[in-house]
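Here is the structure we will look at.
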Amino acid sequence: MSQSLTQIVDAALASAVERSGHHLVCRPGCTQCCHGVFPISQQDAARLRQGLQHLRQHDSARADRIVTRVAESLARITPLFPGDITTGILNDNYEESPLFADESEESIGDSEPCPVLDPTSGTCDLYEHRPIVCRTFGPPMRTPEGNLATCELCYIAATTEEIAACELDPAIPDVEATSNLAYDAEHHLSGETIVALALRRS
C-alpha cells in the first residue's frame with residue numbers, strides 16, 4: 001500500500017497545527033471525535049488491518065483488547081448496519097440510516113465508541129494507521145458547501161480571519177479521492193465500510 005497519501009495528509013496537518021497554535025486544543029484523552037459510526041475507504045480499512053497485524057506482533061494483549069471491542073461493537077450495531085453485512089460495504093444511502101448522524105438530529109450511532117479507542121487511556125491503539133478522516137479532524141476544513149468547519153472544542157476564541165489562516169490544505173479531499181480510486185481499481189474493490197467491520201476478520 002502506498003504511503004504517499006498519509007505522508008501528504010500528515011504534512012498538511014502538521015502545517016495546520018503549527019498555524020493554529022493554542023486555538024487547536026486536541027490532545028491525548030480528548031475522545032469526542034472518537035465516538036460515532038463513520039464511513040471509511042477501502043484503503044483506510046486495509047491500513048487499519050495492517051496496523052492490527054503489526055500490533056499483534058509487538059503487543060498481543062493490546063491487539064486482543066481491540067478484537068474484543070470490535071466484537072462488542074458489532075453486537076450493538078450489526079442489526080442496524082445499512083449495507084451488506086457479509087462484505088461490510090455500506091449502501092449508497094447509508095446516511096439515511098438511524099446508525100449515522102444527521103446534522104439536524106442525533107443518531108443511534110453517535111455515542112458508539114470506535115473499537116480502536118482505548119477507553120482507559122483515551123488514546124487510539126492504532127494511531128499510526130488511523131483513517132484519513134481521523135488524521136484531518138480538528139483544524140478548519142472546507143465543507144462541500146465551501147464553509148470552514150472546525151471541531152466545536154477548538155478555535156472558540158479565534159476570529160474568522162484567524163480560523164481561515166489555519167485552514168487545512170483544501171486540496172486534501174481531492175488528493176484522498178484520487179488515491180482511493182486508484183487503490184480500489186488496483187485491488188478490485190469498491191464502496192466504503194466502517195472501522196468495526198474493517199477489523200472483523202483481522
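Any read-out appearing in this document is the output of simple, stated calculations on the displayed coordinates, not a laboratory observation. Fair warning: this is a prediction, and the values are worked out from it, not measured in the lab. As a convention, Cβ positions derive from the backbone with ideal geometry for all residues, glycine included, and neighbour counts pool all protein chains shown.
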Considering only the stretch 109-133, state which residues are over 12 Å from the mean Cα position of the chain (by Cα) and in a loop (DSSP other than H, G, I, E, B). Glu112, Pro119, Thr120, Ser121, Gly122, Asp125
Looking only at residues that are touching a Cys at 6+ places or on another chain (Cβ under 8 Å) and outside any loop (DSSP other than H, G, I, E, B) in the stretch 22-32, which one is nearest to Ser73 (Cα to Cα)? Gln32
Is it fair to say Val70 is over 25 Å from Ala177 (Cβ atoms), hydrophobic (A, V, I, L, M, F, W, C), out of contact with any strand residue (DSSP E or B) (no Cβ under 6 Å at 6 or more places or on another chain) and loosely packed, with under 15 Cβ neighbours inside 10 Å? no
In the set Leu126, Leu197, the lone residue that is among the hydrophobic types (A, V, I, L, M, F, W, C), crowded, with 19+ Cβ neighbours inside 10 Å and closer than 22 Å to Asn93 by Cα is Leu197
What's the total number of residues in the stretch 157-194 that are under 17 Å from Ile89 (Cα atoms), surrounded by 13 or more Cβ atoms within 10 Å (Cβ to Cβ) and over 21 Å from the mean Cα position of the chain (by Cα)? 0
Inside the stretch 134-156, the number of residues satisfying the requirement of being of a type in the set (Gly, Ala, Ser) and either in a helix (DSSP H, G or I) or exposed (fewer than 14 other Cβ atoms within 10 Å of the Cβ) (or both) is 2
Please verify whether the stretch 24-35 includes one or more residues that are charged (D, E, K, R) and closer than 21 Å to Gly109 by Cα. no
Inside the stretch 183-202, can you point out the residues that are of a type in the set (A, V, I, L, M, F, W, C), outside any loop (DSSP other than H, G, I, E, B) and in contact (Cβ under 8 Å) with a residue 24 or more places away in the chain? Val195, Ala196, Leu197, Ala198
Could you pull out the residue among Asp10, Asp92 that is part of a helix (DSSP H, G or I) and under 30 Å from Pro140 (Cβ atoms)? Asp10
Against the condition in contact (Cβ under 8 Å) with a residue 60 or more places away in the chain, touching a strand residue (DSSP E or B) at 6+ places or on another chain (Cβ under 9 Å) and over 19 Å from Val37 (Cβ atoms), how does Pro140 come out, does it pass? yes
Residues within the stretch 33-44 that are part of a helix (DSSP H, G or I) and either under 10 Å from the mean Cα position of the chain (by Cα) or within 11 Å of Leu126 (Cα to Cα) (or both), tallied: 3
